[in-house]
Structure formats: structure tokens, C-alpha cells
Amino acid sequence: MKQQLRPFFQRFRFHLDKFPDEETTNNWRLLKARMILSLTTTTTLQTPTTTTTQNNDDYLQEEMFKYVLLLNDLRYYHILYKKLEKLFNNHINSYILPFLLNNNDDDNDAHFLTKLNSSWQSYKVSMHLFKRILYNIELFTQASQKPITDLGLSLFNDLVLRSPPIKEKIFNSLVLLSMKIQQGDTIDLYSIKSIGEQMILNAVKKNQTIFYMNTTQ
């Protein structure tokens with residue numbers, strides 16, 4: 001009996017990990033490519049927005065909306081949730097952390113908080129955008145789950161702000177900045193304030209959903 005049931009459960013697990021047909025799989029691939037493009041073009045300091053850049057951003061958003069609508073089906077929700085979690089996880093590990101932990105920067109510890117704040121603010125912009133785009137899909141969120149975009153913000157806290165190398169760099173940066181203050185130098189207080197607020201929130205809401213997209217600037 002167990003041998004007879006095993007193929008059934010194997011097929012069931014298969015469908016939890018993959019979309020049921022090639023068309024839906026291709027729609028996910030196209031959505032994923034556009035979400036990655038959106039993430040990677042807003043994670044570093046950007047030049048002022050031009051008309052061409054704005055038009056490209058608008059087109060990218062329209063494309064993402066289109067593919068989200070094609071995937072807006074309760075049957076696909078759990079698969080999509082896992083794939084989006086993996087997408088955010090991979091982006092942080094392959095893009096944000098290498099950018100922050102690059103040891104080739106001149107005076108990197110002194111400017112580290114600016115880099116960290118830039119990455120955090122840009123990542124929040126992406127999550128703002130994804131929250132609007134994924135609104136209909138997030139309606140399927142179960143009580144035991146975090147909404148997808150909240151999950152993305154939690155991953156930043158878990159993988160970046162709680163990372164030992166990042167914590168060490170934050171400490172070294174604060175030491176250098178305190179020395180500059182004593183020397184009468186001008187420092188970037190906004191970066192300290194922004195990252196400090198997020199780390200305090202991270203500690204206070206350690207076991208809760210972290211949703212800090214409306215930070216006062």
C-alpha cells in the first residue's frame with residue numbers, strides 16, 4: 001500500500017515546486033527577469049531620473065503587472081511564494097552582500113554606512129513597487145505566512161543587518177565616525193539615523209513581521 005501511495009505523493013510534491021504547464025512556467029520566467037532588473041537597477045546610488053529612465057521604469061512596471069495578472073491564481077500561490085522568496089534571497093546574497101563587503105573601496109569603513117543606507121533605501125523602493133504589483137496575489141496570504149513583500153524586507157534584516165561581517169563593519173564605521181566628530185569633521189548623520197532606526201526596529205520586532213517601508217526621511 002505504501003509503495004502504491006508513494007508515486008502519488010511524489011507527484012504532489014512535484015506540483016508544489018513547479019508550475020503545471022510550460023506557458024505558466026514561461027510567464028514566471030518573464031516576471032522573474034523583470035523583477036531582477038528592477039532590483040538591480042535600484043540597489044545602488046542612481047543618477048537623477050531622466051525622461052528616458054522614467055519611460056523605461058514605467059514600461060518595466062507595466063510588463064511586471066501583465067505577468068502578475070497571468071499568474072494571479074490561487075493554485076499557483078504557494079509555488080510563486082517559494083520562488084519569490086528564493087529570488088529575494090539570491091538577490092541579497094549575490095548582489096547586495098558582495099556590494100557591501102567589497103574590501104577594495106578606499107576608506108571603505110568610513111563610507112560603509114552610506115553604502116548600507118543606500119542599499120537599504122533602494123531595496124525598500126523595490127519592495128514598495130512589488131507591493132503594488134503583487135497586491136492581488138498577496139490577497140491569498142494565509143494567516144501563518146508573511147505577505148511576500150514583508151518577507152522580502154525580513155530577509156534583508158536577517159541576511160544583511162544580522163550578518164556578523166556587516167555588524168563588524170557597522171561597528172568599525174561608527175568608531176571612525178566618532179573620531180571624525182571629535183576632529184570637527186562633517187559626517188553623514190542621515191545614514192547613521194536611518195540605519196540606527198532600522199536596527200532598533202529589527203531588535204524590537206525580532207520575532208514579528210518587519211514592515212518598515214514608511215520611514216520618515
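Brief remarks on what is shown
- Number of the exception - Thr43 against (1) under 26 Å from Tyr135 (Cα atoms); (2) loosely packed, with under 15 Cβ neighbours inside 10 Å; (3) modelled with pLDDT under 60; (4) β-branched (Val, Ile, Thr): (2)
- Selection status of Gln142, polar (S, T, N, Q) and modelled with pLDDT under 85: yes
- Checking every residue in region 14-24 against the condition of being at pLDDT below 50, part of a helix (DSSP H, G or I) and surrounded by 10 or more Cβ atoms within 10 Å (Cβ to Cβ) gives at least one match.
- Any hit, region 143-157, residues being touching a residue at least 12 places away in the same chain (Cβ under 8 Å), among the basic types (Lys, Arg) and farther than 16 Å from Thr40 by Cα: yes
- All positions within region 46-71 that are assigned to a loop (DSSP other than H, G, I, E, B) and either at pLDDT 90 or above or among the aliphatic types (A, V, I, L, M) (or both): Leu71
- Residue selected from region 72-126 under the condition closer than 30 Å to Ser178 by Cα and of a type in the set (Asp, Glu), by the criterion modelled with the highest pLDDT: Asp109
- Qualifying residue in region 193-206 (condition: in a loop (DSSP other than H, G, I, E, B), surrounded by 13 or more Cβ atoms within 10 Å (Cβ to Cβ) and at pLDDT below 85): yes
The values are calculated or read from the model by the stated rules, or taken from the named source; none is laboratory data. Every value quoted in this text rests on a predicted model; they were computed, and no experiment measured them. Cβ: placed from backbone, ideal geometry, glycine included. Neighbour counts: every protein chain shown.
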